[in-house]
Amino acid sequence: MFSSSIRPAPRDPIAAEQVVAYVRGLIEKGALHPGDRLASERELVREIGVSRPSVRAGLRSLATMGVVQTRQGAGTFITVGPPALVNEPLGLLTALHGISRERLFEARRVLEVSASGLAAERATGEQLAAMSDEITGMYTSLEEPQAFLRHDVRFHRAVAAGSNNLVLSALIEMVASLHYEQRRVTIERARNELRENADIHRRIYQAIRSRDAEASRIAMDEHLRLALARMMSEEAGPTTAEATPQP
């Protein structure tokens, strides 16, 4: 039938790249800043000289990069805040190449140990206060593992922010986020270890607050090595002796 011959207009990948290059050019020239609204799709079609499907494909690519975000009914805006890298590509590569959880955690350790040392040297008073708040939150959540985990994650995010290196912070967020969903499952098995975990985080914070970069790196390295060992143990499940009810 006639209708079966109708096909959607193909998206030109080269044209979509033109959209990305156009927006990048505006950012590099200082014509666009965080929070600014992009021109409408119709205006971008006219300004760049590509089709509307290509404009939409280009905007989706920019959104995936964390450069823009679309607000329903308001338009597309340059992202406000620190850069964010999506973890889907890394997750896919991990599955594709069989990268082990240990190797991913190793990468996280390298990044976070460095960030903790920089935080000891660079963190502002406001950033130190954010770390302190999360330590307090951990101690008040010792009976609530999921709440404890949220404070744990936010503490590491605060340390990364304290490095005042946006690239390092974005890389840490991307790598660490791959562990979060799994940790949400396994942390219920670690109730008896939460106080010790909070104590370790407090030592990291105290070293950063004291501006001792070397002690900060040592404390973070110790914490993440122990965290990996515990994570592997938790994923293995309880031992036969632990799983067998005592008479």
Checked pairs for segment 216-230, first farther than 16 Å from Ala176 by Cβ and at pLDDT below 95, second of a type outside the set (Val, Ile, Thr) and surrounded by fewer than 21 Cβ atoms within 10 Å (Cβ to Cβ), C-beta under 6 Å and 6 or more apart or across chains, list as none
Looking at segment 165-183, can you tell me whether even one residue there is of a type outside the set (Gly, Ala, Ser), closer than 15 Å to Arg209 by Cβ and assigned to a helix (DSSP H, G or I)? no
Of those in segment 29-64 that are without any contact (Cβ under 8 Å) to a residue 40 or more places away in the chain and assigned to a loop (DSSP other than H, G, I, E, B), the residue surrounded by the most Cβ atoms within 10 Å (Cβ to Cβ) is Val50
Look at Pro83 and say whether it is outside the structural domain of Glu181 (by TED's automatic domain parsing), at pLDDT below 75 and surrounded by 11 or more Cβ atoms within 10 Å (Cβ to Cβ). yes
Residue identified as at pLDDT below 85 and either closer than 30 Å to Ala158 by Cα or aliphatic (A, V, I, L, M) (or both) among Ile6, Ile48, Ile78: Ile6
Mind checking which residues of segment 178-221 are more than 15 Å from Phe155 (Cβ to Cβ), among the hydroxyl-bearing types (Ser, Thr, Tyr) and either surrounded by fewer than 17 Cβ atoms within 10 Å (Cβ to Cβ) or not assigned by TED's automatic domain parsing to the domain that holds Glu144 (or both)? Ser210
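The values are calculated or read from the model by the stated rules, or taken from the named source; none is laboratory data. Just so it is clear, the structure is predicted and the values come from calculations on it, not from any experiment. Cβ atoms come from the backbone with ideal geometry, glycine included; neighbour counts cover every protein chain shown.
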